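Quick notes on the structure that follows.
The values are calculated or read from the model by the stated rules, or taken from the named source; none is laboratory data. Treat the numbers as computed from the prediction; the structure is a model and nothing was measured. Here the Cβ positions follow ideal geometry from the backbone for every residue, glycine too, while neighbour counts run over all protein chains shown. Just so you know, the surface numbers come from the protein's heavy atoms only, side chains and all, with ligands and any DNA or RNA stripped out. Shrake-Rupley method; radii C 1.70, N 1.55, O 1.52, S 1.80 Å.
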Amino acid sequence: MYLKQAIARINNIDWSLVGGIASKVEADLACEFLRRLACFFKEEGIRPIKPLVADIAKLLGDTEEVEVSDYCNSEVVEFLGENIYVKNIIQYYLHLAKYAEERPETYRHLNVYEPLIKILERKGLFVLRINALDIVNGSHIPLEDWYENFVNMNSLEID
């Protein structure tokens with residue numbers, strides 16, 4: 001159920017338009033992603049790592065690999081082939097949705113990736129690197145001390 005919903009959501013994004021819009025909303029969504037990820041690490045008692053490599057399902061113990069091409073249509077695969085940073089997040093999102101099928105208690109953590117998925121649905125584009133999270137044509141969020149900067153931040157409305 002969770003995986004099927006996640007796959008449909010990713011496949012329903014109009015990938016030909018992704019990257020064409022940027023606004024303050026996308027910057028807020030990016031900050032909310034970082035806040036939610038920091039809260040995940042705090043709640044689970046896991047030592048924070050760089051957001052770029054934060055595969056939550058793997059951090060929770062799932063060792064199975066997930067390939068985007070096994071679940072998504074050719075438009076998604078083609079777009080992600082040129083956007084490795086977005087591909088990582090989509091892969092982590094699908095991985096966690098699949099893991100939640102076996103362990104439904106982990107479903108609540110899918111909301112961590114929600115803000116970044118919303119950026120794509122809004123036709124924005126992010127680039128998540130080791131040291132920065134950029135909203136293309138929008139904003140730049142340095143990731144030095146990201147955990148400390150976001151763990152106590154108030155949540156932002158993303159609807």
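Under a Cβ-only charge scheme (Lys and Arg +1, Asp and Glu -1), can you give me the dipole magnitude of segment 1-139 about the Cα centre, in debye to the nearest 20?
The calculated dipole for segment 1-139 is roughly 500 debye.
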Query raised in the report: Cα-based Rg (one decimal) and Dmax (whole number) for segment 23-73, in Å?
Result: 13.6, 37
Report summary line: The farthest towards the positive end of the charge dipole of the chain, of the residues Tyr99, Ser74, Ala132, given +1 on Cβ of Lys and Arg and -1 on Cβ of Asp and Glu, is Ala132
Requested in this report: Compute from the Cα atoms of segment 48-159 the Rg and the Dmax, the latter being the longest Cα-Cα distance, and quote both in angstrom.
Outcome: 14.3, 40
Query raised in the report: Too long at a 28 Å Cα-Cα cut-off: which of Lys50/Lys118; Lys24/Lys98; Lys50/Lys98; Lys42/Lys118?
Result: Lys24/Lys98
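Hey, what number do you get for the chain at 222 nm if only DSSP H runs of n ≥ 4 count, each worth -39500 (n - 2.57), divided across all residues, to the nearest 500?
Value at 222 nm, helices only: -14000 deg cm²/dmol.
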**Report entry** Accessible area of segment 98-159 belonging to carbon and sulfur atoms, whole % at 1.4 Å probe
**Finding:** 43 percent
Query raised in the report: If r is the Cβ-Cβ distance from Asn152 to Leu17 and R0 is 41 Å, what FRET efficiency results, to the nearest 0.05?
Result: 0.70
